[in-house]
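Reviewing the structure listed below.
The values are calculated or read from the model by the stated rules, or taken from the named source; none is laboratory data. Small disclaimer: the values here were computed from a predicted structure and weren't measured. For neighbour counting, all protein chains shown are included, and Cβ atoms are generated from backbone atoms with ideal geometry for every residue, glycine included. These area figures cover heavy atoms from the full protein model, side chains too; ligands, DNA and RNA do not enter into them. Shrake-Rupley method; radii C 1.70, N 1.55, O 1.52, S 1.80 Å.
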Amino acid sequence: MEFKFTIEGGNFSKAGSASSEVKKILKQLNVNPKIIKRTVVSLYEAEVNVVAHAFEGNMNVDIDTDKIVVKIEDKGPGIPDIDQAMQEGYSTATPQVREMGFGAGMGLPNIKRNSDQMNITSKVDVGTEVEIINYLG
Amino acid sequence: MEQVHFYHALKVVDEVCIGCTHCMNVCPTAAIRVKNGTADINKNACVDCGECLQACPVNAIIVEQDDFTQIFNYKQRVALLPTVLLGQFPDDVSEVQIYNEIKDLGFTHVYEVDGAVDVLIDSTKKFMHKHHQERPFISSFCPAIVRLIQVKFPALVDNIIQLKPVIDISAQFYRKKLQDKGYAQEEIGIFYVTPCAAKIAAVKSPVGEQKSLIDGVINMDFIYNKVLLSIKNSKKETKKYPENIHMSRRSIGWTLTTGEASRYSGRCLAIDEIHNVIEVLEKLENEEITDVDFLELRACDHSCAGGVLATENRFLAIERLRKRAAWYHRNKPMIMPEREIDLYKTYLQENIGIDKVEPRSILSLDSDMMVAMKKMKKINRIMKVLPRIDCGACGAPRCQALAEDVVQGKAKMTQCVFLQKMLTKEGLISPQESFDISEDTWGKSRFEKKNLNDH
């Protein structure tokens, strides 16, 4: 089953609404609560990344009986050095974003921790695509 | 799925219910539907929060209670009181009078359950220290919240502290104390005076315990009326406060908001009112809130002072309890005499644990994921034809709820009044069929011919 959600860049008050929708769906599909939690935590981090850094983005969710594949793609500045961005504590968030309690540099590492597979592709000044895969077995 | 019977104290009196949908629209777990003109509560989804009772305009929802005379089946009759009871009475009524009147009703012992808080605080600190990796800890205080987590937030059941609440600790204390005095188990009857429906459900079908330690429950408004009536008729002069009892500020404040959260170190949050709690649990589940150590969560607005069986305005009750706590604090004895409960502390702490709380999600559409996915697709298709205005005229709180009921075989799509009109226009159902469907939802009496000129 496929679902698509849009993410608005810069609107922190709505950050988390797409992940909450996905959570509702997974609960209805009787997915193991522990897997739901991992998935939702990783999606929430990815969603906040789009809000904090990009202009706009989409979350595409594909649920199958054996796995959940989520692609979060955005139009934004892109990530010049993905390896560096994957390090805990590394952050390019602006002071304003940090003041709101975001941008601690834990986003991407936290996504990795809470997913079975994670793939990032990014083009500077174009955008970033994060793919998160969690297996249900 | 296995069928388990859940006891609920909240009951709809069909003869009184006018099927008005007020309760259906406020229920936080969408447990209510209107069928045949009356409200119907889904036992699996109800968490006994009492929102429906507060919303009912005709008092058709009641809190069922045990027959009072059953206390006389026991030789030793213990009344366990919540401290909020003492905040219900007018200022000129003394505590000594309240205690005496409750004894006059037939109880041989009266004990305020919040006297056991020190036992629990101590054990909670040890529990949190031992299981520190399971932060944030959620208090097991409010039975409605424990049930809410079971049905709506199954991923969070492991965060609930596995310790008995003070009511059960007090019950255990009193039972043991009387047994030590030589009374047999069957001679001892322990009764809790409850400010809410959830605590009744907790006694009748406990979570995390095999059997409740309490023999019966009496509604707080019942005791309030009885006590106040006899005080008004007797006019005996007594001292305002008893001489041989000391209640700490910790005890008196326990059932009020921040009563628990103020007792532990670290980041502790106190949240009251069930919708506020749901909002926080959603965030907790997404890990939008992290670095919290302890969560005090209560279903009622202003905690137990806002319980559905409280008679006094909650703000006035809280003010009175704060005054009471201040009085006891000012008049604290120089040397605190050892309290009876302290003699049993080791015994009580050895028996304070409860089992893990099991999740029982009401959200999943089917235990088989393939089937659940099919059902979800069907729901999404149905949602495309429903009006999405959540009018409630089908007897379900939202269009989404009707769609789910249809897929689960609990409702028919034609219950939607919009669809009925469309289908009638297309000639797919007759006006009579449409009328019959409405009668099924709203009851025959609602459609009896009324003469407009009579009014």
**Study point:** Failed criterion for A:ILE63 (all others in (1) of a type in the set (A, V, I, L, M, F, W, C); (2) buried (at least 17 other Cβ atoms within 10 Å of the Cβ); (3) within 14 Å of chain B (Cβ to nearest Cβ); (4) more than 21 Å from A:PHE5 (Cα to Cα) hold)
**Key:** (4)
Exercise for review: For residues that are open to solvent by 40 Å² or more (accessible area, probe 1.4 Å) and at the interface with chain A (Cβ under 7 Å from one of its Cβ atoms), scanning just the range B:364-376, find the one that is farthest from B:ALA155 (Cα to Cα).
Suggested key: B:MET370
Exercise for review: Answer with yes or no whether A:TYR44 is surrounded by 14 or more Cβ atoms within 10 Å (Cβ to Cβ) and away from every other protein chain (no Cβ under 14 Å).
Suggested key: no
Study note, to complete from the structure: Exactly one of B:GLN172, B:GLN179 is open to solvent by 10 Å² or more (accessible area, probe 1.4 Å) and touching a residue at least 12 places away in the same chain (Cβ under 8 Å), and that one is B:GLN172
Point to revise | Cβ pairs under 8 Å, 6+ apart, first in the range B:376-393 and over 15 Å from B:THR414 (Cα atoms), second loosely packed, with under 12 Cβ neighbours inside 10 Å | key: none
**Study point:** Selection count where residues are over 16 Å from B:VAL193 (Cα atoms) and free of Cβ contacts under 8 Å to residues at least 12 places away in the same chain, scope the range B:59-89
**Key:** 0
Point to revise | Pair list, Cβ < 8 Å and 6+ apart or interchain, from the range B:10-38 residues that are open to solvent by less than 60 Å² (accessible area, probe 1.4 Å) to residues that are aromatic (Phe, Trp, Tyr) | key: B:GLY19/B:TRP442; B:VAL34/B:TRP442; B:GLY37/B:TRP442
Exercise for review: Run A:PRO95 past the list (1) more than 12 Å from every other protein chain (Cβ to nearest Cβ); (2) open to solvent by less than 70 Å² (accessible area, probe 1.4 Å) and report the number of the one that doesn't hold.
Suggested key: (2)
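Yes/no per residue for (1) of a type in the set (Ser, Thr, Tyr); (2) at pLDDT below 95; (3) closer than 26 Å to A:ASN30 by Cα; (4) in contact with a helix residue (DSSP H, G or I) (Cβ under 6 Å, 6 or more places away or on another chain):
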{"position": "B:GLU287", "(1), (2), (3), (4)": "no, yes, yes, yes"}
{"position": "B:PHE294", "(1), (2), (3), (4)": "no, no, no, no"}
{"position": "B:GLY306", "(1), (2), (3), (4)": "no, no, no, yes"}
{"position": "B:ILE318", "(1), (2), (3), (4)": "no, no, no, yes"}
{"position": "B:LEU321", "(1), (2), (3), (4)": "no, no, no, yes"}
{"position": "B:TYR328", "(1), (2), (3), (4)": "yes, yes, no, no"}
{"position": "B:ILE335", "(1), (2), (3), (4)": "no, yes, no, no"}
Check your understanding: Taking the condition aromatic (Phe, Trp, Tyr) and either in contact with an Asp or Glu (Cβ under 7 Å, 6 or more places away or on another chain) or open to solvent by 40 Å² or more (accessible area, probe 1.4 Å) (or both), does B:PHE294 pass?
Key -> no
Check your understanding: Just wondering, is there one or more residues in the range A:50-59 that are open to solvent by 40 Å² or more (accessible area, probe 1.4 Å), more than 10 Å from the chain's Cα centre (by Cα) and closer than 17 Å to A:SER115 by Cα?
Key -> no
Exercise for review: Filter the range B:53-72 down to residues that are modelled with pLDDT of 95 or more, crowded, with 16+ Cβ neighbours inside 10 Å and not aliphatic (A, V, I, L, M), then give me how many there are.
Suggested key: 1
**Study point:** Out of B:ASP440, B:ASP405, B:ASP355, sole residue that is touching a residue at least 40 places away in the same chain (Cβ under 8 Å), exposed (fewer than 12 other Cβ atoms within 10 Å of the Cβ) and acidic (Asp, Glu)
**Key:** B:ASP355
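Grab the helices (runs of 4 or more DSSP H) fully contained in the range B:218-287, keeping just those with 3 or more residues being open to solvent by 20 Å² or more (accessible area, probe 1.4 Å) and within 14 Å of chain A (Cβ to nearest Cβ).
The helices (runs of 4 or more DSSP H) meeting that bar are B:274-285.
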Review point. In the range A:2-27, how many are open to solvent by 30 Å² or more (accessible area, probe 1.4 Å) and under 16 Å from B:ALA372 (Cβ atoms)?
Key: 3
Review point. Between a first residue in the range A:112-137 that is on the phi > 0 side of the Ramachandran plot and a second residue that is of a type in the set (Lys, Arg), which pairs have beta carbons less than 6 Å apart while being 6 or more apart in sequence or on different chains?
Key: A:GLY127/A:LYS75
Check your understanding: Taking helices (runs of 4 or more DSSP H) that fall entirely within the range B:319-422, which contain at least 1 residues that are under 30 Å from the mean Cα position of the chain (by Cα) and hydroxyl-bearing (Ser, Thr, Tyr)?
Key -> B:345-350
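Here's the yes/no breakdown for (1) within 14 Å of another protein chain (Cβ to nearest Cβ); (2) in a loop (DSSP other than H, G, I, E, B):
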| residue | (1), (2) |
| --- | --- |
| B:CYS49 | no, yes |
| B:GLN65 | no, yes |
| B:ILE98 | no, no |
| B:VAL117 | no, no |
| B:GLN150 | yes, no |
Exercise for review: Return the total of residues in the range B:152-167 being of a type in the set (D, E, K, R), part of a helix (DSSP H, G or I) and closer than 20 Å to B:PHE6 by Cα.
Suggested key: 1
Revision key, fill the gap. Scanning the range A:6-21 residue by residue, those closer than 23 Å to A:ARG113 by Cα and more than 10 Å from every other protein chain (Cβ to nearest Cβ) turn out to be A:ILE7, A:SER17, A:ALA18, A:GLU21
Check your understanding: Any residue at all in the range A:73-88 that is among the small types (Gly, Ala, Ser), crowded, with 19+ Cβ neighbours inside 10 Å and away from chain B (no Cβ under 14 Å)?
Key -> yes
Point to revise | Qualifying residue in the range B:323-334 (condition: touching a strand residue (DSSP E or B) at 6+ places or on another chain (Cβ under 8 Å) and buried (at least 18 other Cβ atoms within 10 Å of the Cβ)) | key: no
Practice item. Starting from the range B:108-126, take each residue that is open to solvent by 40 Å² or more (accessible area, probe 1.4 Å) and list its partners that are among the polar types (S, T, N, Q), counting only C-beta distances under 6 angstrom and pairs at least six apart or across chains. Key: B:THR108/B:GLN76
Practice item. Please indicate, with yes or no, whether at least one residue in the range B:308-322 is touching a Lys or Arg at 6+ places or on another chain (Cβ under 6 Å) and either loosely packed, with under 14 Cβ neighbours inside 10 Å or away from chain A (no Cβ under 14 Å) (or both). Key: no
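Report, by residue number, each residue of the range B:127-138 that is touching a helix residue (DSSP H, G or I) at 6+ places or on another chain (Cβ under 9 Å) and open to solvent by 10 Å² or more (accessible area, probe 1.4 Å).
Across the range B:127-138, the qualifying residues are B:MET128, B:GLU134, B:ARG135, B:PRO136.
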Review point. Condition test on A:VAL51, is it on the phi < 0 side of the Ramachandran plot and more than 7 Å from chain B (Cβ to nearest Cβ)?
Key: yes
